[in-house]
Amino acid sequence: MIKKQFLFALVLLLLIPVASMMGGVMLNLIHPEWAAGHPNYARNFHLLSVVRIVSWLACEAVAGLLWLLACFLVIRSKQRSLLWMILAAFGPFGFAVLAVLDDQAPTETDRYARFVRGLNKFVRVGYELGSFVIVWLLAYQAMVLMRNVIVVCQSIATGMSIAQVIQLQNASGGMWAFGEMIEIMFMVILFYVLRPIVFNVVTRLMGMMAASKTA
C-alpha cells in the first residue's frame with residue numbers, strides 16, 4: 001500500500017494542468033473590447049483588462065500552490081525534513097530528488113520501499129540514473145503522442161488538413177516549443193509519482209498470481 005499523502009500528491013499534480021488551462025480559458029473568455037459602445041469606455045476597458053489579467057494570475061497562483069502542496073505531501077509521506085521543500089523551486093529536477101529519497105517510515109506493505117532499500121549503494125545509483133533517463137524518454141514520447149492527438153483533433157474540428165494544422169503550429173513554433181517543454185516536465189513529475197504506485201500494483205498482482213498457482 002502507498003501512503004495516503006503520496007496518493008493525495010498525485011491528485012494535486014493532476015489538478016495543476018486543470019488550473020493552468022483555466023487561466024487560458026479566462027484569458028480567452030474576457031475581452032476588454034466588450035466595453036465598446038458603452039459609456040465610460042476607457043474606464044470599463046481598463047477594468048476588464050485588469051479582471052482578465054488578475055483571473056489568469058489567480059489560476060496560475062493556484063497551480064503554483066498545488067505544486068507546493070504536492071511536494072510537501074511527498075516529503076511528509078517519507079517523514080523527511082521540510083528543508084527539502086527548497087527543491088520544489090527546481091521543478092522536475094528537484095522533484096526527481098524528492099522521489100528518490102528513502103522513506104524513513106515505510107509501511108510493511110510498501111514493496112517498492114523495501115525494493116530500493118535492498119539495493120546496494122552502487123546498484124541504487126545506477127538504478128536511479130537509469131530511471132531518470134527512461135522517465136525523460138517516456139515523457140518526450142508522451143508529449144509527441146499528445147501533439148499528434150491534438151493535431152488530429154484540430155483537423156477534425158476545423159476541417160483543415162493535418163498538413164495545414166502542422167503549418168499553423170510551425171508558424172508559432174516558439175509558443176508550441178515552450179508548451180511542449182512544459183508538457184514534458186509535467187510528464188516527468190507524473191511518471192516519478194507513478195513509479196512506486198505501478199511497482200507496488202504489479203508486484204502485488206504477481207504475488208497473487210503466484211499464490212493462486214501454488215494453491
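The values are calculated or read from the model by the stated rules, or taken from the named source; none is laboratory data. For clarity, every value in this text was computed on a predicted model and none was experimentally measured. Quick reminder, even Gly has a Cβ in these numbers, built from the backbone with ideal geometry, and neighbours come from all protein chains shown. Note: accessible area is taken over every heavy atom of the protein model, side chains too, but ligands, DNA and RNA are not part of it. Shrake-Rupley method; radii C 1.70, N 1.55, O 1.52, S 1.80 Å.
Summary of computed values
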item	result
Range of Cα positions in the stretch 50-97 per principal axis (Å), largest first	42, 18, 14
Estimated distance in nm for a label pair at R114 and L48, the labels positioned 7 Å out from Cα along Cα-to-Cβ	6.3
Angstrom value of the Kirkwood radius, inverse mean 1/r, which spans all Cα pairs in the chain	20.5
Longest to shortest principal axis, alpha-carbon extents of the stretch 17-92, angstrom	60, 19, 16
Whichever lysines have a C-alpha closer than 29 Å to that of K3, once near sequence neighbours (fewer than 8 apart) are set aside	K78, K121
Accessible area per residue in Å² at 1.4 Å probe, computed on the chain	62
The stretch 26-150 - Kirkwood radius from inverse mean 1/r over Cα pairs (Å)	18.7
Full-extension gain in nm, L101 to F132, via 0.36 nm per residue minus C-alpha separation	9.8 nm
The stretch 1-153 - percent of accessible surface contributed by carbon and sulfur, probe 1.4 Å	75
